[in-house]
Amino acid sequence: MPCSPVHQDFSSGDSSMQRAIDERKRKKMLSNRESARRSRMRKQQKLDDMLKESADFKGQNSKIEMQINVVTQHFETVDTENTILRAQISELTARLQSMNSILHIYKEVSGLSMEIPEMPETMTKSWQLPFQAQPLSTAVNMFKV
């Protein structure tokens, strides 16, 4: 029977070692579960943050689109007004040239001495018309409704 007590000690030692291993496995499994839970929570939080950021970007995008539409409408209004003004300048320049021609003819025919101012060259070249630059804020304020 000397073998039996040794075998029993080995069995009880083996059993306690097995319990210790099982306990470590259980703790590791719980630790892994908790780690996975925290990971899922972080992932969900990141997703929630990204969804909120996406909604914020969509809101900003809508505001910018509205601003672009307003600026585009102002541009179209100003462009139309500029087209009208260019046409008026062309018409008035042609009339002024005609009046100057008439005055020169009248001066030659009548023999009267009169001062007929020459048209500035910039008046005959519409792309070189003198203008005063205004700050953008002044130009924008002019067209606010």
**Prompt:** Quick one: net charge of residue 21's neighbours, Cβ under 14 Å, K/R +1, D/E -1?
**Reply:** +3
**Asked** Under a Cβ-Cβ cut-off of 13 Å, what is the net charge of the residues other than residue 59 that fall near it, where Lys and Arg count +1 and Asp and Glu count -1?
**Response** 0
**Request:** Lys and Arg at +1, Asp and Glu at -1: add these up for the other residues within a Cβ distance under 15 Å of residue 107 and post the number.
**Result:** -3
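Quick note: the coordinates plus some simple rules give every number you see, no bench work behind them. Source: prediction; values computed, not measured. Glycine also receives a Cβ, built like all others from the backbone with ideal geometry; neighbour counts cover every protein chain displayed.
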